[in-house]
Amino acid sequence: MSSSPPGAGPAVLVTGGSSGLGAAVVAAVAGSGGRPLVLDRHRPGDGVPWVECDLADTRAAEEATRELAERSGGLDAVVTAAGMDVPGRLSDVPRDTWERIVVVDLLATVAVVRAALPYLEASRGNVVTVASTLGVKAVGDATAYCAAKFGVVGFTRSLAAELAGSVGVTLVIPGGMRTAFFDDRDPQYRPGPDAKLNDPSDTAAAIMFALSQPPGCAVREMVVCAEQETSYP
């Protein structure tokens, strides 16, 4: 993964790195000797370098990606862990909310990857995008989230074909995890007390496995979920 200077661990930019899966990836990168960098609206812990950014502004996301890359002397990997959802029937979800979900989950993923590509091509680095089991299996009351995550799946598969031989590309399809992702939902859309959810650190470990492969060895796709979770297959 790394083309960093001697003594410096690989620089890994993580979107949404202040909480949930993103924070788990940041911890895993740091624990392996890497240098996590974060794009988020909230400050990450432990003095991790970051740029405050609302990913719903894709131009700002591109600028923030370039800023962090320049500050760190390049990038070895990008993990697009940021995501959001507001479940509800299409007729009930406000237009601005519906569109924000698609922008944050899909278009910001594209924006960050686009801005990072020159640095990743220089380092022979890696991209890991984070979709969802709802990017391969649709359910009701999730039209925006499913549209965005199905988009991430298609984008990543196309990107892998486009960048083969220059940048490693991995699609991660996680199931539900024990994070704050569900906290602000209406009760009917929260996992029940018996829900089978994965620990985000386990998904982060799978991402680190993908990032640890040598150039030329591609981990193209991974589904990582609780064994008894019902959202997959």
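Would it be correct to say that Ala195 is modelled with pLDDT under 95 and either closer than 14 Å to Gly83 by Cα or not polar (S, T, N, Q) (or both)? Yes, satisfied.
Only one of Asp199, Asp194, Asp186 is of a type in the set (Asp, Glu) and in contact with a strand residue (DSSP E or B) (Cβ under 9 Å, 6 or more places away or on another chain). Can you tell me which? Among Asp199, Asp194, Asp186, only Asp199 is of a type in the set (Asp, Glu) and in contact with a strand residue (DSSP E or B) (Cβ under 9 Å, 6 or more places away or on another chain). Among the residues of segment 55-111, those that are crowded, with 18+ Cβ neighbours inside 10 Å, touching a strand residue (DSSP E or B) at 6+ places or on another chain (Cβ under 8 Å) and either at pLDDT below 95 or not in a loop (DSSP other than H, G, I, E, B) (or both) comprise Ala61, Ala64, Thr65, Leu68, Ala69, Ser72, Ala77, Val78, Val79, Thr80, Ala108, Thr109. With respect to the conditions (1) over 20 Å from Ala27 (Cα atoms); (2) out of contact with any Cys (no Cβ under 7 Å at 6 or more places or on another chain); (3) not polar (S, T, N, Q), Ala60 falls short on a single one, namely (2). For segment 109-142, taking the residues that are small (Gly, Ala, Ser) and touching a Cys at 6+ places or on another chain (Cβ under 9 Å), the one that is farthest from Ser91 (Cα to Cα) is identified as Ser132. Once segment 112-136 is narrowed to residues that are assigned to a helix (DSSP H, G or I) and among the aliphatic types (A, V, I, L, M), the residue that is farthest from Val12 (Cα to Cα) is Leu134.
The values are calculated or read from the model by the stated rules, or taken from the named source; none is laboratory data. Please read these numbers as outputs of a predicted model, since none were measured by experiment. No Cβ is skipped: glycine too gets one built from the backbone with ideal geometry, and neighbour counts run over all protein chains shown.
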